[in-house]
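The values are calculated or read from the model by the stated rules, or taken from the named source; none is laboratory data. Since the structure is predicted, the reported quantities are computational estimates derived from the model, not experimental observations. Cβ coordinates were reconstructed from backbone atoms using ideal geometry, including for glycine residues, and neighbour counts include every protein chain displayed.
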Amino acid sequence: MAEAHPQRNLILILARDLASRLATPVFVVDHEGTLVYFNEAAEPVLGRTYAETGELRAGGWATEWSPTDDEGRPIPLEDLPLGVAFREGRASHRSFRIVGGDRVARAIEATAFPLLIREDEIVGAIAVFWERPPEGTTGR
Amino acid sequence: MKVRVWGCRGSLASPGPETVRFGGQTSCVSVQLSDGSLLILDAGSGIRPLGMALGGDHPERIDVFITHLHTDHIEGLRFFDPIWDPSVELNVWGPPSPIRGLRSRIAPYFAPPFFPVHLRSIPSHPEFRDTPTRTWRIGSAAVTAQLVKHPGPTVGYRVEENGHALAYLPDHEPALGSDLSTVGTEWISGFALAEGSTVLLHDAQYTKAEYDERVGWGHSSTEDAVTFGRRAGAERLVLFHHDPLHTDTQLEGVLARAKELSASGPDEVELAREGMTFEL
Ligand SMILES: [Zn+2]
Ligand SMILES: [Zn+2]
């Protein structure tokens, strides 16, 4: 059964299938924190397609989009919602800024939650995110 | 290993003159290993004739592997003769839910009002074991269980011995949410279980037209079963879990369609039927 890519856990397969059908931007990482998928809805926010980035290790995706707080201070991986969800096994939410692959800076909000198949076994995590509406508007 | 199909009907036992050729018993497959160990895949109604065929002659230890707790996969366990024999060491393996172990989930089937005898009063005192996440050994075989796409916690099994592998995925809808013909193989539910298998027993409950009306019910069309078998590189695909409404004549039509589809592999495609045997 040895192969380049080991079989993905079913929960991760289902997460990716679900994400691929949502109109909300979704980012999926596996049990090691490696980015394994983001959906089409995420592409305009991230300024890149998943086909362009492919899989990225945690250290890679955490800097790929240069996340900073509203004052411009870099946010380390462990303080990003996905980092918290992954490390602490709980849901996490935060507003921050990123620079897309198209070099456009965007203010976003993200909510992440862990994919736990047992209390102590994590097979990945999911972040849902969206662009914050410009100041002075309410968005939808 | 010697494999025998004792039941290959899906959902509901369907005896009668229109199902005699393929059989009406629900899922059950016996696997006799070269060291004499007896493994049983699922405990649908087909396990009752298996128990009768064993007579008093069964091995001291029997391992039953349940894919999931839908009734067509466990309804026969209560009528499997060896469970009434106190000298049998009976291990029942199956998927845990994320919250509860197998024993507590299966116990209601062995209790009033569904059954007159309580689980704790069953003479063989079966041991219920959650399937491990890694491959483990039973007798001379390596057994792998992995969660697969089907409503509720459901596993498929792979039994390997002497370089041959039997893959058993009786209830499986790998095409749900995925384009089976293009998606990367590591993203196909059940792929690792079936990869390069000598014999693949796979769900093919529906025709394409039926499947289109029943997406998400947890089963596969003939088309998807053949595509799955081809992607997995199975040598021999055996279509399993026949719909209770499908008569022998309709199933012959399913087989003809499967053969048409499998022109480019798997090498062999056939329909499971009661009494069918394989030597791997
Ligand atoms: Zn079934
Ligand atoms: Zn089922």
Does the range B:50-107 hold any residues that are modelled with pLDDT of 95 or more and β-branched (Val, Ile, Thr), and which are they?
B:ILE62, B:VAL64, B:ILE66, B:THR67, B:THR71, B:ILE74, B:ILE83, B:VAL88, B:VAL92
Out of (1) within 14 Å of another protein chain (Cβ to nearest Cβ); (2) more than 29 Å from B:SER189 (Cβ to Cβ); (3) of a type outside the set (Ser, Thr, Tyr), what's the single condition that is false for A:TRP65?
(1)
Filtering the range B:66-98 down to residues that are within 16 Å of ligand 1 (Cβ to nearest atom) and part of a helix (DSSP H, G or I), which residue is surrounded by the fewest Cβ atoms within 10 Å (Cβ to Cβ)?
B:THR71
Residues (within 16 Å of ligand 1 (Cβ to nearest atom), under 15 Å from the mean Cα position of the chain (by Cα) and not aliphatic (A, V, I, L, M)) located in the range B:152-189
B:PRO153, B:THR154, B:GLY156, B:TYR157, B:TYR168, B:PRO170, B:ASP171, B:HIS172, B:GLU173
Please determine whether any residue of the range B:87-99 is within 14 Å of another protein chain (Cβ to nearest Cβ) and over 30 Å from B:ALA225 (Cα atoms).
yes
State all residues of the range B:43-85 that are more than 14 Å from every other protein chain (Cβ to nearest Cβ), out of contact with any Phe, Trp or Tyr (no Cβ under 7 Å at 6 or more places or on another chain) and within 16 Å of ligand 2 (Cβ to nearest atom); if no residue qualifies, say none.
B:GLY44, B:SER45, B:LEU69, B:HIS70, B:THR71, B:ASP72, B:HIS73, B:GLU75, B:GLY76, B:LEU77
Scanning the range B:132-162 for residues that are within 13 Å of another protein chain (Cβ to nearest Cβ) and free of Cβ contacts under 8 Å to residues at least 60 places away in the same chain gives B:PRO132, B:THR133, B:ARG134, B:THR135, B:ALA142, B:THR144, B:GLN146, B:LEU147, B:VAL148, B:ARG158, B:GLU160
Please specify each residue of the range A:10-31 satisfying the condition of being crowded, with 20+ Cβ neighbours inside 10 Å and at the interface with chain B (Cβ under 7 Å from one of its Cβ atoms).
A:LEU10, A:ILE13, A:ARG16
Just to verify a result, which residue in the range B:120-144, among those that are in contact with a Leu (Cβ under 8 Å, 6 or more places away or on another chain) and among the small types (Gly, Ala, Ser), is farthest from B:GLU235 (Cα to Cα)?
B:SER124
Kindly indicate whether B:ASP63 is touching a residue at least 24 places away in the same chain (Cβ under 8 Å), part of a helix (DSSP H, G or I) and closer than 24 Å to B:LEU166 by Cβ.
no
Of the numbered conditions (1) within 16 Å of ligand 2 (Cβ to nearest atom); (2) closer than 23 Å to B:ARG48 by Cβ; (3) of a type in the set (S, T, N, Q), B:THR277 fails exactly one; give the number of that condition.
(1)
Tally time: how many residues in the range B:163-174 are within 12 Å of another protein chain (Cβ to nearest Cβ), closer than 21 Å to B:HIS242 by Cα and away from ligand 2 (no atom under 16 Å from the Cβ)?
1
May I ask you to say which residue of B:THR207, B:THR198, B:THR154, B:THR133 is more than 19 Å from B:LEU39 (Cα to Cα) and either more than 16 Å from ligand 2 (Cβ to nearest atom) or crowded, with 23+ Cβ neighbours inside 10 Å (or both)?
B:THR207
